[in-house]
Structures are given as structure tokens and as C-alpha cells.
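In what follows, a structure is listed as C-alpha cells, so that the remarks can point back to it.
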Amino acid sequence: MMLVPFLLLIEDDDAIRTALELSLSRQGHRVATAATGEDGLELLREQRPDLVVLDVMLPGIDGFEVCRRIRRTDQLPIILLTARSDDIDVVVGLESGADDYVVKPVQGRVLDARIRAVLRRGERESTDSATFGNVVIDRSAMTVTKGGEDLQLTPTELRLLLELSRRPGQALSRQQLLRLVWEHDYLGDSRLVDACVQRLRAKVEDVPSSPTLIRTVRGVGYRLDSPQ
């Protein structure tokens, strides 16, 4: 992570965009802004931020589609801003590839805390590695390979896999994973875990619909197993 995080804020409301830009700058971030999804995608072609803060309700291309387009080519962290905590909005956003979401009205300090939590997920930690079937997790290089091929994981997907790999065979509840990965444990945010597990399975499992690595523990959460 850079000493001064570089953020791209995509928000169409002038007042909100200006207020968040000022607040985040005061919190020590460098901020570029865009008022539309199209402008935001154009900025991304010119420079790569450390994280994107993305409003859902944008004119033209909405935030969900912007998120999908980013995910086609890049795994950089994305936090969605949504006007509602509506289940459909949140689930669609997470399935589009977002790492986290914040419900408006947004407090600058709350958003800053979420941003820093997401950015910490990509930081190096221990120097060992772990192997689960044909999946190898290198904690020193912060990389994951499957059958010798590098997997492109978002920082959140990587952190989730790391936390599960530290406790092989142990069931972790959704609330435990929220505290370990997202650094918050709001009850309604269990959707963050389920959506991230779904995306992670699509990358590490041979047959995502019949997982052999990331197992669901009914009534509890998830565990990481070595395939039999």
C-alpha cells in the first residue's frame, strides 16, 4: 500500500462529491474525482488508483456496470456507496465484484476507516506458504496459484482465503470472518462474506457448484479443507 493512498471517487452529486473529496483529503488521501461512470472509466485508463469509491446511482452507466467493467481487467479494491441498505442493491453490488459497501449519508471518518481496512487486506504478513490440493498460497509474495497458474484475486478475496488457510479444517462463522477480513461485524453484513466466498470459489474450485476446498458448514459458516 502506498504511504499516501490514491483514491478515485465516482459520485454524480456535486455536493456529496466535494464534501467527500475534502474529508478524504484531510484524512491523508490523494483523491481524483469523476461525476459519471464513463468519466471514471476513462480516468482508470489513464492512471491506476489504490481503491475506487463508487456511487451506485449514476447517470448513464450505473455503479453496478462500472464495477463489472473494472473487474473484467483489474482486481483493484472497490467500495460502493448506496442510498439504501436494500438487499437487492447490496447483493447485486457484491456480486458485481465490490469489496465492501457504505450506506448514505456517508460520514467521512467512517468511509476512511473502511478504505483503510480494505487496503490493509493486501499487505504482506507471514513468510510461509500453504498447499490445498493444486492451490498454493504464498503468504510472503501474497500470491495464489492453481495448477501452477497465477490466480487474479482481489485484496478481499485474498484476505478471506488467507484467514481460512490459517485455520484448516476449522469452521469459521460469518461474524468471525467479518471481523477478520472486513474488520467490522454488523449483523446484516453477512452478505459480504457469502458474496466473496462465491467469487472466490469461482476461481479456486475445479467445480464451483460442488466445492471441495471452501466448504459450507450449515448453520455456522465456512471452512477450508484439503481435497480428499
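None of the figures in this text is laboratory data; all of them are computed from the coordinates on show. Since the structure is predicted, the reported quantities are computational estimates derived from the model, not experimental observations. Because the Cβ atoms are built from the backbone with ideal geometry, glycine has one as well, and the counts that use them run over all protein chains shown.
Summary table
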item: Convex hull of Cα atoms in the stretch 96-150, direction-averaged projection (nm²); result: 5.4
item: Dipole-positive endmost among Val103, Gly93, Leu51 within the stretch 46-128 (Cβ charges, Cα centre); result: Leu51
item: Positive-end residue, the stretch 2-100 charge dipole about Cα centroid, Cβ charges, pick of Val4, Phe64, Gly40; result: Val4
item: Cα centroid of the stretch 1-54 to Cα centroid of the stretch 200-228, whole Å; result: 35
item: Amide H contacts under 5 Å for Phe132, placed H, 5+ residues apart; result: Ile137
item: Angle in degrees between helix 63-73 and the longest Cα principal axis of the chain, rounded to the nearest 10; result: 50
item: Nearest-ten-degree value, helix 108-120 long axis tilted from longest Cα axis of the chain; result: 40
item: For the stretch 16-29, 3J(HN,Hα) per residue [Karplus equation, 6.51 cos²θ - 1.76 cosθ + 1.60, θ = phi - 60°, Hz, x = Gly/Pro]; result: 5, 4, 5, 5, 5, 4, 5, 5, 5, 5, 5, 7, x, 9
item: The stretch 102-120 versus the stretch 151-176: alpha-carbon centroid distance in Å; result: 22
item: Of all DSSP beta bridges in the chain, antiparallel share, percent nearest 5; result: 50
item: Distant-in-sequence amide H partners of Asp206 (H built 1.01 Å from N, under 5 Å); result: Thr212
item: Computed magnitude of the charge dipole of the stretch 129-224 (debye, nearest 20; Cβ of K, R +1, Cβ of D, E -1); result: 300
item: Nearest-ten-degree value, helix 155-165 long axis tilted from longest Cα axis of the chain; result: 20
item: Cβ charges +1 (Lys, Arg) and -1 (Asp, Glu), total dipole of the stretch 6-120, debye; result: 540
item: Three-way shape label, the stretch 6-120, alpha-carbon gyration tensor, a/c 1.5; result: rounded
item: Scaled radius of gyration (Cα, divided by 2.2 N^0.38 Å) that the chain gives; result: 1.01
